Amino acid sequence: MEYLVLGALETRQGGVLVDVRGMRQQRLLALLLLNAGRVVPMDFLVDELWEDPPPSARPQVHNAIRDLRRVLAAGEHRLVTVDVGYRLAVPEDAVDAHRFTRQVREARAAERDGRFPEAIRLLQTAVDLWRGDAFAGIHCPAVTSAAVKLNEQRLTALEDLMALRLKVGETSSLVGELTALLAEYPLRDSLRRSLMTALCRSGRQAHALAVYDEGRRFLADELGLEPSPQLRALHSEILADAPGVHDAPERPQTRPATAEGPAPGPRPNCLPHDLTDFTGRSAELALLQEAVARRAAGAPLMLAIDGMGGVGKTTLAVRVAHRVTADFPDGQFFAALDGFDESRPPVPPSQALAALLRADGLGPERIPASLEERSALWRSRLAGRRCLLVLDDAATSAQVRPLLPGAGETLVLVTSRRKLSALDGSVALPLDVLPPGDAVELLARVAGERRVAREPVRAAEAAALCGYLPLAVRIAATRLRDRPTWSVADLVDRLADPERRARCLRTADRDLMALLRASYQYLDRAQQRFSLLMSRQPAGSFDVDRAAAVTGLSADEVEGCLDVLYENNLIRQEEAALFSFHSLVRDCSRLLPEPSDGSETPAELTVGQLAVTA
């Protein structure tokens, strides 16, 4: 039996279409295929199949599973019931999406080895598997999220395929294909560059320049942006009639990189994409850009952005990085340090250094084994260069230090939920929630400006119920955008109740409560107990005396707990001696385990236990 998801969902037995009737059965099958071979919990299925689950949700899932078993009975794959849910025992090659990702992976390995014809064949086979948008017609959060990722991977594979065909000398035959693709995806920079190059090599320089001008006008009209530096550089080369534009590019240089610098070729740019609906933060952007402009010549500059989970630290750092890229032409690097992730431990500095060195063109065989050697090599390669380095979601200062440059005009942007006061020489920027007006504007940009403008009072209420926290506003706005029948008032109703709010602020790949909960993994048992008790006291703000009365701790013990919570951005300090919780952090703190008799040691309470308890 074969399962096709790269288009409308289809199941085939020996090439014959198997009819999976009913939208619920199709959505259920899609969810099981997303997790093929793994257990899918009943609670997850209920949340995905219903926005507001009815009391009969579980029996309905049981019935749908029974019907699905009848449909799949002719095949060799088993739908297994386990204690907490179901598992579809399906080999990866039975699902076309897995075949697609495997062939793309093999194609990239072939390209790295210089086997370009084989890479082209594998990529062409991979993209030929597609029959339309992934999971077309299946609407539930997890499937929609997976479909977006798959559709993006298809486009990237198409771009890679076009670039490889250009590399081996195809030109005129590509013009028609690239023109059609660019008409469908006018924002894809790589497709526009490939079409311009193909036209120029075909002797159609005027047409290539027209393609650039069309893209420039489209970006300006739709997004208010200028073309990318790469596109502008290609435009300049065509205007200058540079020989390299007309000829197929040379094979990559084989001289290995050394400690003195990267191998010849384009400088690395590993920055994530910049959000087109970025909202607010004008004061913070101005402050950071001014610090960059006033940096000392020849010396590194480190900017440390801290704030609670979901406040937009990474988004701000990436926005700043893109704005100042031209000042750091020798490479732009990004390292996700996973300091506050429930699903995995923080990335060790040694592992982060290996990834950075590989991104800078160093082969794995040339990367030393020890942390000290890797750090020294990294500093040596950055010396004398003007690079930009984003270190995202740092857990501690100790995780960051080995990654820092020693000399050269490198800009380092560090983000963390903790105040990294031990990073000597850094410029700190504490990041707070958005002002109310900016939060409403973000809601409108994501959900639709006309829709939000019809209910301005309700929109302000929704932003306030999200605590003006950017990630919460974005998730809520996405919920509203994806549900055309909802009004803003409907969204407010779901956000008003804490339990429904937690469910509303959760999508397939983003769970606000889980994100906030991860901040507690570095607190010991006493600090977690303190946070739980203070989150349940009725006063909006509190001082040391009130906290001591609520928790039964001494004033010194209370001050110690407050210091730790403040350093971890889990409480705010409104005045010199007055503290408060953000509303969503208060909700999260209330989900912590009840204080026990103290028999558990702090180390025994893991963030995984917090997740189970919540």
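The values are calculated or read from the model by the stated rules, or taken from the named source; none is laboratory data. This is a predicted model, so every value here is computed, not measured. As a convention, Cβ positions derive from the backbone with ideal geometry for all residues, glycine included, and neighbour counts pool all protein chains shown. These accessible areas exclude ligands, DNA and RNA; they are computed on the full protein's heavy atoms, side chains included. Shrake-Rupley method; radii C 1.70, N 1.55, O 1.52, S 1.80 Å.
Using a 1.4 angstrom probe, figure out how much accessible area the stretch 60-133 has per residue, in square angstrom, rounded to the nearest whole.
Working: 3980 Å² over 74 residues.
I get 54 Å² per residue for the stretch 60-133.
How do Cys387, Cys270 rank by accessible surface area computed with a 1.4 Å probe, from largest to smallest?
Sorted by accessible area, descending: Cys270, Cys387.
How much of the accessible area of the stretch 15-169, in percent, comes from carbon and sulfur atoms when a 1.4 Å probe is used?
52 percent
Kindly give the semi-axes, whole Å and largest first, of the ellipsoid equivalent to the stretch 1-152, taking each as the square root of 5 times a Cα gyration tensor eigenvalue.
Details: eigenvalues 193, 52, 38 Å².
Result for the stretch 1-152: semi-axes of 31, 16, 14 Å.
Taking amide H positions as placed 1.01 Å from N in the peptide plane, with prolines and chain starts having none, which residues 5 or more places from Leu429, or on another chain, fall under 5 Å of its amide H?
When sequence neighbours closer than 5 places are left aside, the close amide H contacts are Ala304, Ile305, Asp306.
With the cut-off at 1.5 for a/c, could you classify the stretch 278-413 from its C-alpha gyration tensor as rounded, prolate or oblate?
Because a/c hits 1.5 or more and a/b fails to exceed b/c, the stretch 278-413 counts as oblate.
Ratio of alpha-carbon Rg to the 2.2 N^0.38 Å globular estimate for the stretch 118-199, to two decimals, please.
On the way: Rg = 13.9 Å, N = 82, 2.2 N^0.38 = 11.7 Å.
The stretch 118-199 yields a ratio of 1.19.
Please arrange Tyr522, Tyr3 by accessible surface area, largest first, computed with a 1.4 Å probe and ligands excluded.
Details: Tyr522 70, Tyr3 0 Å².
Putting Tyr522, Tyr3 in descending order of accessible area: Tyr522, Tyr3.
Add -39500 (n - 2.57) for each DSSP H run of 4 or more in the chain, then divide by its residues: what number comes out at 222 nm, to the nearest 500 deg cm²/dmol?
Helix-only estimate at 222 nm: -15500 deg cm²/dmol.
Relative contact order of the chain: what whole-number percent is it, with Cα pairs under 8 angstrom and at least 6 residues apart?
9 percent
Quote to one decimal, in nm, the extra length available between Ser173 and Glu455 on full extension: 0.36 nm per residue of separation minus the C-alpha distance between them.
Taking 0.36 nm per residue and subtracting the Cα distance, the gain is 96.3 nm.
Can you give me the long-range amide H partners of Val412? Hydrogens built in the peptide plane at 1.01 Å from N, cutoff under 5 Å, separation of 5 or more residues or another chain.
Correct list: Leu301, Met302, Leu303, Leu389.
Using a 10 Å cut-off on Cβ atoms, rank the peptides 366-378, 296-308 from the highest mean neighbour count down.
296-308, 366-378
Suppose we keep just the alpha-carbon trace of the stretch 354-455; what are its Rg and Dmax in angstrom?
Just the Cα atoms of the stretch 354-455 yield Rg and Dmax of 19.6, 60 Å.
Quick one: Cα convex hull volume of the stretch 472-597, Å³ per residue?
Measuring per residue, one finds 119 Å³ for the Cα hull of the stretch 472-597.
Tell me, what is the Rg over Rh of the stretch 85-158, with Rh the Kirkwood radius over Cα pairs?
Numbers: Rg = 14.0 Å, Rh = 13.4 Å.
Ratio value, two decimals: 1.04.
Kindly write out, for the stretch 80-90 in residue order, the coupling ³J(HN,Hα) from the Karplus curve 6.51 cos²θ - 1.76 cosθ + 1.60 (θ = phi - 60°), rounded to whole Hz, with x marking Gly and Pro.
Residue by residue, the stretch 80-90 yields 9, 8, 10, 4, 9, x, 9, 9, 9, 7, 10 Hz.
Which shape class applies to the stretch 408-535: rounded if a/c is under 1.5, otherwise prolate when a/b exceeds b/c and oblate if not, where a ≥ b ≥ c are the square roots of the Cα gyration tensor eigenvalues?
The shape class here is oblate.
Bin width 20 Å, alpha-carbon pairs only: give the P(r) of the chain as whole percents, running from 0 to the bin holding the largest distance.
16, 46, 34, 4, 0
Calculate one ³J(HN,Hα) per residue across the stretch 382-394 by plugging θ = phi - 60° into the Karplus curve 6.51 cos²θ - 1.76 cosθ + 1.60, and present them in order as whole Hz with x for glycine and proline.
Each residue of the stretch 382-394 in turn: 7, 4, x, 10, 10, 10, 10, 10, 9, 10, 9, 6, 6 Hz.
Is the C-alpha gyration tensor of the stretch 536-593 telling us rounded, prolate or oblate? Criteria: a/c under 1.5 is rounded; beyond that, a/b larger than b/c is prolate, otherwise oblate.
Here the stretch 536-593 falls in the rounded category.
Scan around Ala8 for amide H atoms under 5 Å from its own, H built in the peptide plane at 1.01 Å from N, and keep only partners 5 or more places away or cross-chain.
Residues meeting the amide H criterion: Ala136.
Specify the inter-centroid distance of the stretch 441-515 and the stretch 105-155, based on alpha-carbon positions, in whole Å.
The two parts, judged by their Cα centres, are 32 Å apart.
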